[in-house]
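Everything below concerns the one structure shown next.
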Amino acid sequence: MLVVTTENIPGYHIDKVIGHTFGVVVRSRGLGGNITASVRSIFGGEIKEYTEMIEDARKVAIDRMIQNAHAMGANAIVMMRFDSGEIGQTMSEIVAYGTAVVAEKN
Amino acid sequence: MSIYFALQLLVIIIAIISTFIYRRRRLKQRTLQPPAGFQKTNEIFIDPTTGVQQQVWFNPSTGERFYERTDKNKK
């Protein structure tokens with residue numbers, strides 16, 4: 001499945017636009033991770049516990065978006081974007097979304 | 001009061017130790033081969049938490065993705 005952030009795919013033409021597709025996930029770091037992250041934030045630098053949480057969330061969001069596009073019969077996603085939000089103080093929401101299309105090689 | 005404080009401390013210590021173990025396991029994950037039916041994609045990224053390069057595989061019949069560790073150089 002080809003996933004691009006551009007509107008068009010060079011070398012391909014969009015045969016059919018199926019519709020929007022998305023993948024959403026909300027993750028929390030957990031008590032131990034939040035405590036160690038709080039201690040780390042006192043000294044500054046990268047908060048690895050949260051980088052880990054966001055990286056996992058990104059992967060899951062993309063996986064879900066692609067599975068949804070696949071279920072819709074698409075073979076590519078164009079205009080893919082990420083969005084993020086915060087729920088409470090320790091939960092993070094990541095959404096990956098784009099337009100599911102059927103693309104064919106020129 | 002002291003029992004309550006000790007219990008709180010115990011919960012925090014267990015949480016920190018379990019987080020430490022979880023992170024160590026993540027760093028020492030084995031390299032798994034992609035299952036049958038998966039196709040190699042052009043998507044490659046370096047996991048920012050481990051520094052390990054990952055190759056993405058895709059299963060066109062199910063829409064699933066698989067992350068293969070291709071670089072053993074860890075942070």
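Structure above, values below:
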read-out: 3J(HN,Hα) from dihedral phi, the range B:35-42, Karplus parametrisation 6.51/-1.76/1.60, rounded to Hz, x for glycine, proline; value: x, 5, x, 8, 10, 5, 10, 7
read-out: Cβ charges +1 (Lys, Arg) and -1 (Asp, Glu), total dipole of the protein assembly as shown, debye; value: 780
read-out: Per residue convex hull volume, Cα atoms of the range A:1-42, in Å³; value: 149
read-out: Three-way shape call for the protein assembly as shown based on the alpha-carbon gyration tensor, with the a/c threshold at 1.5; value: prolate
read-out: Dipole-positive endmost among B:Y67, B:I13, B:Q53 within chain B (Cβ charges, Cα centre); value: B:I13
read-out: Cα long-axis angle, helix B:2-27 against chain B (0 to 90 degrees, to the nearest 10); value: 20
read-out: Summed residue charge, Cβ within 9 Å of A:E93's Cβ, Lys/Arg positive, Asp/Glu negative; value: -1
read-out: Between the range A:78-105 and the range A:13-65, the alpha-carbon center distance in angstrom; value: 11
read-out: Those GluC sites (Glu not before Pro) in the range A:24-106 that DSSP places in a loop and that have at most 10 other beta carbons within 10 Å; value: A:E46
read-out: Rounded to 10°, Cα long-axis angle of helix A:48-71 versus longest principal axis of chain A; value: 20
read-out: Convex hull volume per residue in cubic angstrom - Cα atoms of the range A:1-94; value: 110
read-out: Estimated buried accessible area (total), pair A and B, 1.4 Å, Å² to nearest 100; value: 1800
read-out: Per residue value of the accessible surface for chain A (all protein chains in place, 1.4 Å probe), Å²; value: 55
read-out: Carbon and sulfur %, accessible surface of chain B computed with the full protein complex present, 1.4 Å; value: 62
read-out: Inter-probe distance in nm under a simple model that places probes 7 Å from Cα toward Cβ, at B:R30 and A:L31; value: 3.2
read-out: Carbon plus sulfur fraction of accessible area for chain A, probe 1.4 Å, in percent; value: 55
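The values are calculated or read from the model by the stated rules, or taken from the named source; none is laboratory data. The shown structure was predicted, so the numbers you read here are calculated from the model rather than taken from an experiment. With ideal geometry, Cβ positions are generated from the backbone for all residues, glycine too; neighbour counts draw on all protein chains shown. Each accessible area value is taken on the protein alone, full model and side chains, heavy atoms only, with ligands, DNA and RNA left out. Shrake-Rupley method; radii C 1.70, N 1.55, O 1.52, S 1.80 Å.
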